[in-house]
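The values are calculated or read from the model by the stated rules, or taken from the named source; none is laboratory data. This structure is a prediction, so every number in the text was calculated from the model and none was measured. So basically every Cβ, Gly included, is an ideal-geometry build from the backbone, and we count neighbours across all protein chains shown. Note: areas computed on protein heavy atoms with side chains; ligands, DNA, RNA excluded. Shrake-Rupley method; radii C 1.70, N 1.55, O 1.52, S 1.80 Å.
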Amino acid sequence: MLNFSFASVMMAIVTSNLFIIVLTIIFINQSVMREFGFSLLGMLCTLVFIRMLFPFEFAHMTQNINLPKAVSRGLSFIRHPRIPILGYSCSFWDIFVIIWGIGFVALFFRYISSIRDTYNFISAYGVDVTDSPGYKSALCKTDANKKLRDKITILQLPLIHSPAVFRYHMHYYILMPDGLSMGEEEQEFIFKHEVSHILHHDITLKFSLQLICLFYWWNPFCYILKKRSSLLFELRVDSSVILQDSEQLKKYVECLVKVSKHSISGNSGINMPSAIKFSLKMESDTFIRVCCLLENKKTKNKILARIISLPLCIIYILSFVFIFEGYYIGPEYIQDNQEVTSENTYIVKNKDNTYDIYFYGRHIDTASSLENYPDDCKIYLSLKEAKKNEEN
């Protein structure tokens with residue numbers, strides 16, 4: 001049986017954000033990011049999504065652990081309704097959740113709107129050159145099968161400066177700058193690169209990461225992680241496009257530099273939709289990409305990969321097995337060394353399945369479970385009902 005409580009929600013939030021922070025710190029090391037970044041990022045998105053969707057505890061296998069009194073008292077303080085708003089008593093936690101929810105909804109609709117604006121933008125300014133002999137030939141030389149090629153449209157745009165790939169309603173658009181002059185082999189490099197993003201499901205993973213970052217928008221590490229991940233996707237695709245041929249590597253690097261120079265020199269003065277800006281390669285990353293390609297490091301350290309992945313998996317599993325919850329009764333509430341009993345304590349059940357604990361008529365705690373309190377304590381559905389019955 002699944003139990004939903006404040007403690008289980010807090011455990012899910014702490015675990016998810018711990019993963020985000022740890023992965024961001026790992027990605028600071030560029031060498032580690034290149035070797036294991038994609039697998040770690042995929043694992044992170046999967047685990048965090050599951051934890052976001054299931055902030056529960058298992059009744060028969062979860063063990064609740066009481067937090068230290070100082071932490072418990074702090075949790076009780078932020079959860080106790082004490083702020084009057086529009087006739088209701090709200091806690092600091094309630095206000096945080098409201099702001100969190102409003103922020104997520106606003107940012108989510110803004111993101112969806114940017115995707116729609118991008119599609120309208122490329123539809124209005126883009127010229128369909130899919131059947132152009134040069135582009136069509138270059139696309140056919142990629143690893144895309146015919147079924148995938150039928151889902152790809154090549155658009156030439158006068159207002160962008162770097163090639164990019166964009167997806168809308170399961171159809172892919174490869175965006176090509178109008179003023180960028182490229183040879184036949186350079187066109188092949190560009191299309192192999194963009195098609196590789198599609199084949200490796202980078203767009204889907206970017207979308208998943210975007211949702212996680214939107215959900216935890218208040219965590220500054222999300223923005224750093226998204227920026228580092230953008231570079232990771234480019235490094236991964238670069239290594240998949242280029243083989244060990246040194247001559248081919250040289251030409252590919254020259255192509256990257258050429259595109260970067262064109263991107264820096266171009267300045268249309270027109271604001272493009274944010275979804276295109278997110279898809280475009282960042283010129284500041286070109287130097288890193290070129291250095292990584294010239295390094296040509298292909299080896300994978302499986303032992304290091306396990307060292308990094310194993311603790312994360314253990315922490316994830318333990319987040320379901322152990323749930324930390326607050327339990328605090330201040331000494332100012334204890335009279336004559338009395339313990340909490342059904343005679344001096346009553347409980348009010350809240351609508352969110354938490355419980356306000358009242359000791360001698362004074363609120364002392366907001367608990368997510370009653371295992372620390374006597375089973376025969378009276379439980380009321382409202383404070384008004386509790387006071388009325390207790391007075392009688």
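Its residue count N sets the reference 2.2 N^0.38 Å, and the alpha-carbon radius of gyration of segment 1-55 equals 1.33 times that reference.
As I understand it, the value is the acute angle between the Cα axis of helix 246-265 and the longest principal axis of the Cα atoms of the chain; what does it come to in degrees, rounded to 10? Once rounded, the angle reads 70 degrees. Bridgeable aspartates and glutamates around K226 (alpha carbons under 16 Å apart, same-chain partners fewer than 8 residues away excluded): D202, E234, D285.
For all pairs of alpha-carbon atoms in segment 73-119, what percent lies in each bin of width 10 Å, listed from the first bin to the last filled one? In whole percents, the pair-distance histogram is 25, 31, 21, 15, 7, 0.
Might you report the magnitude of the Cβ-based charge dipole of segment 180-227 about its Cα centre, with Lys and Arg at +1 and Asp and Glu at -1, to the nearest 20 debye? Numbers along the way, then the final one.
Working: 4 positive and 6 negative charges, 106 e Å.
For this selection, approximately 500 debye.
For L312, neighbours were defined as the other residues whose beta-carbon sits under 14 Å from its Cβ, and their charges (Lys and Arg +1, Asp and Glu -1) total +2. Taking amide H as placed 1.01 Å from N in the peptide plane, N64 has its amide H under 5 Å from the amide H of I323, each at least 5 places away in sequence or on another chain. The charge dipole of segment 1-144, taken about its Cα centre with unit charges on the Cβ atoms of Lys, Arg (+1), Asp and Glu (-1) only, comes to about 500 debye. Residue-normalised convex hull volume from the C-alpha trace of segment 133-267: 127 Å³ per residue.
Please work out the Kirkwood hydrodynamic radius for segment 335-392, using every pair of different C-alpha atoms, and report it in angstroms with one decimal place.
Numbers: mean 1/r = 0.0868 Å⁻¹.
Averaging 1/r across every pair of different Cα atoms and inverting gives 11.5 Å.
Helix 286-295 and the longest principal axis of the C-alpha atoms of the chain enclose an angle of approximately 80°. Per residue, the accessible area of the chain comes to 54 Å² when a 1.4 Å probe rolls over the protein heavy atoms. Projecting the Cα positions of V253, F4, I288 onto the charge dipole of the chain (unit charges on Cβ atoms of Lys, Arg, Asp and Glu, taken about the Cα centre) puts V253 furthest along the positive direction.
When cysteine pairs in the chain are screened for C-beta atoms closer than 4.7 angstrom, the residues that find no partner are C45, C90, C140, C255, C291, C292, C313, C377.
Let me have the 222 nm mean residue ellipticity of the chain computed from DSSP H runs of 4+ only, each contributing -39500 (n - 2.57), with the sum over all residues rounded to the nearest 500.
Details: 14 runs with 221 residues, N = 392.
Only helices count here, giving -18500 deg cm²/dmol.
All C-alpha pair distances within segment 1-104, sorted into 5 Å bins from zero, spread as 2, 10, 14, 17, 17, 15, 11, 8, 3, 2, 1, 0 percent across the bins.
Looking at segment 85-183, what % of the alpha carbon pairs are farther apart than 20 Å? Can you show the working numbers first?
Values: 2603 of 4851 pairs.
Value for segment 85-183: 54 percent of Cα pairs lie more than 20 Å apart.
Share of antiparallel DSSP beta bridges in the chain, in percent to the nearest 5? Approximately 65 percent, going by the DSSP bridge assignments. Only Lys, Arg, Asp and Glu carry charge here, each on its Cβ (+1 for the first two, -1 for the last two); on that basis segment 108-184 has a dipole of about 340 debye about its Cα centre. Potential lengthening of the chain between A106 and K349 amounts to 84.3 nm, from the contour at 0.36 nm per residue minus the alpha-carbon distance.
Comparing H169, S319, I212 along the charge dipole axis of the chain, the residue lying farthest to the positive side is H169, per the Cβ-charge model. Our note on the geometry: Cα centres of segment 339-384 and segment 32-98, 22 Å apart.
Over the chain, with a Gaussian network built from C-alpha contacts below 10 Å, which listed residue (V97, V195, V241) shows the highest mean-square fluctuation? Maximum among the listed residues: V97. Placing unit charges on each Cβ (+1 for Lys and Arg, -1 for Asp and Glu) gives segment 20-149 a dipole about its Cα centre, and among F104, L139, P55 the Cα reaching farthest toward its positive end belongs to P55.
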